[in-house]
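Before any comments, here is the structure.
The values are calculated or read from the model by the stated rules, or taken from the named source; none is laboratory data. None of these values were measured; they are calculated from a predicted model. All Cβ positions, even for glycine, are placed from backbone atoms using ideal geometry, and neighbour counts span all protein chains on display.
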Amino acid sequence: MKQQSFSSLEQARKKKRTKREIFLGEMEAVVPWVRLAALIAPHYTKPRKGRPQMPLGVMLRIYFLQQWYGLSDPGAEEALYDMHSMRDFAGLDLAHDAIPDETTIC
């Protein structure tokens with residue numbers, strides 16, 4: 001279990017949820033993430049030498065964020081650095097996880 005960062009704790013204590021947070025919460029509940037990941041897993045590239053591979057679940061969620069918000073690969077990278085709600089939805093924490101760059105997202 002990861003220790004929460006100050007940013008995550010601060011975000012959790014805020015009083016109002018944004019429209020984006022509400023929408024992403026609904027999508028978390030509605031989209032069958034496990035079934036989708038199981039369908040994609042046989043086709044997902046296997047880890048090779050070089051850069052560590054991002055988990056399938058994270059990349060799948062980033063792809064959905066790109067579709068829902070009309071983000072390019074560089075735009076998705078920027079949004080993940082900029083918006084806590086999108087990082088939280090993708091399962092990333094700035095204090096512990098590497099944010100995928102635009103090439104990785106591509």
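The table below lists the values:
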read-out: Residue tally, condition among the acidic types (D, E) and under 14 Å from L65 (Cα atoms), over the range 80-98; value: 2
read-out: For Q11: the one exception among (1) modelled with pLDDT under 90; (2) exposed (fewer than 10 other Cβ atoms within 10 Å of the Cβ); (3) not in a loop (DSSP other than H, G, I, E, B); value: (2)
read-out: Test: residue in the range 93-102 that is closer than 18 Å to L24 by Cα, loosely packed, with under 15 Cβ neighbours inside 10 Å and of a type outside the set (A, V, I, L, M); value: no
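Yes/no matrix, rows are residues, columns are (1) more than 17 Å from C106 (Cα to Cα); (2) surrounded by 10 or more Cβ atoms within 10 Å (Cβ to Cβ); (3) of a type in the set (S, T, Y):
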| residue | (1), (2), (3) |
| --- | --- |
| V31 | yes, yes, no |
| V34 | yes, no, no |
| A38 | yes, yes, no |
| K46 | no, no, no |
| P52 | no, no, no |
| P55 | no, yes, no |
| I62 | no, yes, no |
| L65 | no, yes, no |
| W68 | no, yes, no |
